[in-house]
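The block underneath contains the structure these notes are about, expressed in structure tokens.
The values are calculated or read from the model by the stated rules, or taken from the named source; none is laboratory data. Predicted model, so just to flag it, every value in this text is computed and none were measured. Quick reminder, even Gly has a Cβ in these numbers, built from the backbone with ideal geometry, and neighbours come from all protein chains shown. For accessibility, only protein heavy atoms count, side chains too; no ligands or nucleic acids. Shrake-Rupley method; radii C 1.70, N 1.55, O 1.52, S 1.80 Å.
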Amino acid sequence: MLLPKGGVTWKSAKSRLPPSRAIWNFLTRTKFLLFIAITGIVILIWNGLRGTAGEMQRFYCFGPAKSPMEMTAAEQARWAGHLQTPVIFNHHTPLEINSSSIERIDLNPIQSTTKPLINEERVLILTPLRNAAPYIEQHFDLLTQLTYPHHLIDLAFLVGDSEDDTLAKLAMELERVQSRTDSIPFRSAKIIQKDFGVTLSQNVEDRHGFEAQGPRRKAMGRARNYLLSAAMTAEHSWVYWRDVDIKDSPKKIIEDFIAHDRDILVPNVWFHRYVDGKDIEGRFDYNSWQESDTGRRLSATLDKNIVLAEGYKEYRTDRVYMARMGDWRKNKDQEIPLDGIGGVNILVKADVHRSGINFPCYPFENQAETEGFAAMAKRAGYGVYGLPNYVVWHIDTDEKPGNA
């Protein structure tokens, strides 16, 4: 075989290769393979990133790729077009009540707390009246001195079976107070009239004789219940029962009593009487007491229709009377639990009354009216307390204490 002049070179050999072998050699060259590899990697990365963005937007993004504020109406329509419509089962649309004869009352926010001024808790002062004309002016003088904000106080009076000028004097005093332009007028005032057919005399012998106690206490219980049901509203947090014949009381008595946070709370009730120029500080209200073993044994033997009355020799109870305790010079916040209470001055959380605890006009555990109220409240689980050193002064009625 003859070789060309100058020998065989790479270029001459390459030019003599068949076309298929030449293509194969080109494809298997290192530079070409490296170019192909790099190009493939770039394509794979690009497709991967583009696919990831799409998948994230499809499954994880809860909104379009741009802000809704930057989207046109057409873009928003295209975006919303691929969303699925949510399905709500057992859905009830809100009811809209427009009838003026339907009223909604929410008692949940109405509470009786130790921060009544911050919460603007309303106080209802209740006073039953019968032949009380001589005491009304003094009663309003004391009411107007109360330091609890008067715009949070409502007044209500029940006038029944009166034979004197009680109604006229009451109306005149209310007009005088409520027409003032300062902070003295109260939020509201109500006068309720209801006669119960009571004919018992108001003199000391008839009013406080033992035979009169049962009928008298039952009638007073009815009067209190009528007054309560006619005057208390959903807005009231406290009910303050205050008799018309109080002679003197602390101006901050409402705030002082609320601070104790008791369901039912009463003060000691005494009266001023001067003998030889000295105040004997007479003890008035013997209806506030603690039960004794003697009293419990007596109640167990009594007919259920008998109403026990304290301070009389007819029935010996040996009960412990708060009236015989205490000293107004000592700690006024000292408390004692009680089983019976008098009605001269009572502060009650409104929810106690709302729960059905009222003043029995029938014998309840051989008690009626305020003493029956205390028994009923304790039976329902409420607390009944007295303040032996916190004294409210009653008028002197020249009464005798009886067994006390």
Residue satisfying condition, being over 25 Å from Val392 (Cβ atoms) and either open to solvent by 60 Å² or more (accessible area, probe 1.4 Å) or not hydrophobic (A, V, I, L, M, F, W, C) (or both), within set His139, His91: His91
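In this structure, is Val266 within 25 Å of Met325 (Cβ to Cβ) and assigned to a strand (DSSP E or B)? Working first, answer last.
On the way: within 25 Å of Met325 (Cβ to Cβ): yes; assigned to a strand (DSSP E or B): yes.
Answer is yes for this residue.
Any idea how many residues of region 222-243 are among the basic types (Lys, Arg) and closer than 11 Å to Thr127 by Cα? Lay out the reasoning, then the answer.
Filtering region 222-243 down to residues among the basic types (Lys, Arg) leaves 222, 224, 242.
Still in the running and closer than 11 Å to Thr127 by Cα: 224, 242.
Going through region 222-243 one residue at a time, the tally reaches 2.
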Considering only region 160-174, state which residues are open to solvent by 10 Å² or more (accessible area, probe 1.4 Å) and more than 25 Å from Glu121 (Cα to Cα). Asp161, Ser162, Glu163, Asp164, Asp165, Leu167, Ala168, Lys169, Ala171, Met172, Glu173
Residues in region 112-120: is at least one within 18 Å of Ala223 (Cβ to Cβ) and not hydroxyl-bearing (Ser, Thr, Tyr)? no
Asp351 fails exactly one of (1) open to solvent by less than 50 Å² (accessible area, probe 1.4 Å); (2) in a helix (DSSP H, G or I), namely (1)
Sort through Leu44, Leu146 and tell me the only one that's modelled with pLDDT of 80 or more and under 30 Å from Val159 (Cα atoms). Leu146
Which residues, counting only those in region 248-304, are farther than 21 Å from His150 by Cα, modelled with pLDDT of 95 or more, surrounded by 16 or more Cβ atoms within 10 Å (Cβ to Cβ) and of a type in the set (Ser, Thr, Tyr)? Ser288
Among the residues of region 305-330 satisfying the criterion of being in contact with a helix residue (DSSP H, G or I) (Cβ under 7 Å, 6 or more places away or on another chain) and not charged (D, E, K, R), which is surrounded by the fewest Cβ atoms within 10 Å (Cβ to Cβ)? Tyr315
Within the set of pairs 6+ apart or on separate chains, which have a first residue in region 170-194 that is closer than 15 Å to Pro128 by Cα, a second that is open to solvent by 70 Å² or more (accessible area, probe 1.4 Å), and C-beta atoms under 6 Å apart? Lys194/Tyr226
Can you pull out the residues in region 331-342 that are open to solvent by less than 60 Å² (accessible area, probe 1.4 Å) and over 24 Å from the mean Cα position of the chain (by Cα)? Ile336, Leu338, Asp339, Gly340, Ile341, Gly342
